[in-house]
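Everything on this sheet refers to the single structure shown next.
Throughout, read-outs are computed from the coordinates displayed, never taken from laboratory work. Quick caveat, the model's predicted, so the values are computed rather than measured. Here the Cβ positions follow ideal geometry from the backbone for every residue, glycine too, while neighbour counts run over all protein chains shown.
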Amino acid sequence: MTEEDKNKIRAYSKKTPKYLSRRKFNEEGALVEVQCSHCKKFKSISEFSKNKTQTDGLETKCKVCKQAK
Ligand SMILES: [Zn+2]
C-alpha cells in the first residue's frame, strides 16, 4: 500500500471512524470487500444490495442475510 492510499483512507476514517474496520480496500484505495453486519463475514461488494442512504451506497447486510431475515 502506498503512502497516497494510506492518506486517502486516513482522510476518510476521520469522517467515519467505524468505516475502515468493516471494509477492505485494494492497493488503489478502491472498496473491494465489506463485512456483513449480521454474519460478520467479509464479502465482495457484489454480495451486497445497493442502498443510497448508506455511506458507500451499499446495504450493511449481505444479500444472503437480507433474505434470511
Ligand atoms: Zn451476511
Self-check item: Extended-chain gain in nm, criterion 0.36 nm per residue less alpha-carbon gap, Glu27 and Lys50
Solution: 5.9 nm
Quiz prompt | Size-normalised alpha-carbon gyration radius of the range 3-68, reference 2.2 N^0.38 Å | solution = 1.12
Practice problem: Report, in deg cm²/dmol and to the nearest 500, the calculated mean residue ellipticity at 222 nm for the chain, where each DSSP H run with n ≥ 4 adds -39500 (n - 2.57) and the sum is divided by the residue count. | Solution: -8000 deg cm²/dmol
Quiz prompt | Ordering of 44-55, 27-38 by burial proxy (mean other Cβ atoms within 10 Å per residue, highest first) | solution = 27-38, 44-55
Self-check item: Two-site FRET efficiency, Phe42 against Asn7, from Cβ-Cβ distance with R₀ of 22 Å, rounded to 0.05
Solution: 0.40
